[in-house]
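The values are calculated or read from the model by the stated rules, or taken from the named source; none is laboratory data. Keep in mind that this is a model prediction, so the values were computed, not measured. Note that we place each Cβ from the backbone using ideal geometry, even for glycine, and neighbour counts take in every protein chain shown. Surface accessibility is based on the protein's heavy atoms, side chains included, excluding ligands, DNA and RNA. Shrake-Rupley method; radii C 1.70, N 1.55, O 1.52, S 1.80 Å.
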Amino acid sequence: LSVTVSTPERARQEIILQTSLARTLLATKGFTKEVEQAYERALELITSVGEMPQLFPVLRGLASYYVLRSENEKGKQIGERILELAERLDDVDMRVEGHLVLGENIATLTSVHLGLEHLEKAIALFDPKRQRVRRLGLGSNPGVVALIVSALFLWMIGFPERARKRAGEAIGLAQKLEHPFSLSYALFHYGLLNLWLGNFQIAQERARALMD
């Protein structure tokens, strides 16, 4: 590609390569700067040729990268871009993802209550019956993530029973969706929440279910 004349098709091919490279580096090296560089190069290419369908998965990949590196200010900015894109395209699934990303990052950065407001919006918008376009292919279902993450934040602001109920809803949704990765995510965080609640037997049971 480095010796190919610059065209929209060439840019599209490099975006796919850079995105694939980022995911491969995640799997082999973890959340390193090389991953960020690959995603940022893809984002640069998308910007240079005008908005392309690959914009959302690149933004969502960067959002996950920043959350897991605790770079929450950068994650918040990406969440805002996802939400802007969702509004422009009138895409409900993108709105769910945008509110999810913003909620996680704002709750960590500045205000748990404000972060929860975004997570509640994501939960309200998510419809398990709606056929989603799998733009990413991997990762946990956003409806499950919004439920379980909001449960952890509810515990943090002093609502243990609401937190427990919300986490149970996340488990139920993951089972209904029959999506193993989402169920694993929900089981792990449900177990963590029960450690915080002092329900050690339940935490142990969820840990065993997760191992299975």
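Restricting to helices (runs of 4 or more DSSP H) lying wholly in region 1-96: which have 3 or more residues that are open to solvent by 60 Å² or more (accessible area, probe 1.4 Å) and of a type outside the set (S, T, N, Q)?
Qualifying helices (runs of 4 or more DSSP H): 8-29, 33-49, 72-89.
Mind checking which pairs have a first residue in region 108-120 that is of a type in the set (S, T, N, Q) and a second that is open to solvent by 60 Å² or more (accessible area, probe 1.4 Å), Cβ under 8 Å, 6 or more apart or different chains?
Qualifying pairs under 8 Å: THR108/SER70.
Between residues in region 152-165 that are part of a loop (DSSP other than H, G, I, E, B) and residues that are at pLDDT 95 or above and open to solvent by less than 60 Å² (accessible area, probe 1.4 Å), which pairs lie under 7 Å by C-beta distance while being six or more apart or on different chains?
Cβ pairs passing all conditions: ILE157/VAL112.
Just to be sure, is PRO128 closer than 25 Å to ILE15 by Cβ and not in a helix (DSSP H, G or I)?
Answer is no for this residue.
Looking at (1) over 11 Å from the mean Cα position of the chain (by Cα); (2) in contact (Cβ under 8 Å) with a residue 40 or more places away in the chain; (3) open to solvent by 10 Å² or more (accessible area, probe 1.4 Å), which is the only condition GLU104 fails?
Every listed condition holds for GLU104 apart from (1).
Does region 108-120 contain any residue that is surrounded by fewer than 22 Cβ atoms within 10 Å (Cβ to Cβ), not in a helix (DSSP H, G or I) and not hydroxyl-bearing (Ser, Thr, Tyr)?
Quick first cut of region 108-120, residues surrounded by fewer than 22 Cβ atoms within 10 Å (Cβ to Cβ) only: 108-114, 116-117, 120.
Within this subset, residues satisfying the condition of being not in a helix (DSSP H, G or I) are 110-111.
Restricting the remaining residues to those that are not hydroxyl-bearing (Ser, Thr, Tyr) gives none.
No, there is no match, as no residue in region 108-120 is surrounded by fewer than 22 Cβ atoms within 10 Å (Cβ to Cβ), not in a helix (DSSP H, G or I) and not hydroxyl-bearing (Ser, Thr, Tyr).
Does any residue of region 157-166 turn out to be under 19 Å from the mean Cα position of the chain (by Cα) and either at pLDDT 95 or above or on the phi < 0 side of the Ramachandran plot (or both)? Talk me through it step by step, then tell me what you get.
As a first pass, look at region 157-166 and keep what is under 19 Å from the mean Cα position of the chain (by Cα): 166.
From the residues that got through so far, the ones that are either at pLDDT 95 or above or on the phi < 0 side of the Ramachandran plot (or both) too are 166.
Looking for residues that are under 19 Å from the mean Cα position of the chain (by Cα) and either at pLDDT 95 or above or on the phi < 0 side of the Ramachandran plot (or both), one finds at least one in region 157-166, hence yes.
If I go through region 124-149 residue by residue, how many of them are open to solvent by 40 Å² or more (accessible area, probe 1.4 Å) and either at pLDDT 95 or above or not small (Gly, Ala, Ser) (or both)? Step through it out loud before you land on a result.
Here is the first cut: in region 124-149, the ones open to solvent by 40 Å² or more (accessible area, probe 1.4 Å) are 124-125, 127-138.
Next, from what is left, pick out any that are either at pLDDT 95 or above or not small (Gly, Ala, Ser) (or both): 124-125, 127-136, 138.
Qualifying residue count for the region: 13.
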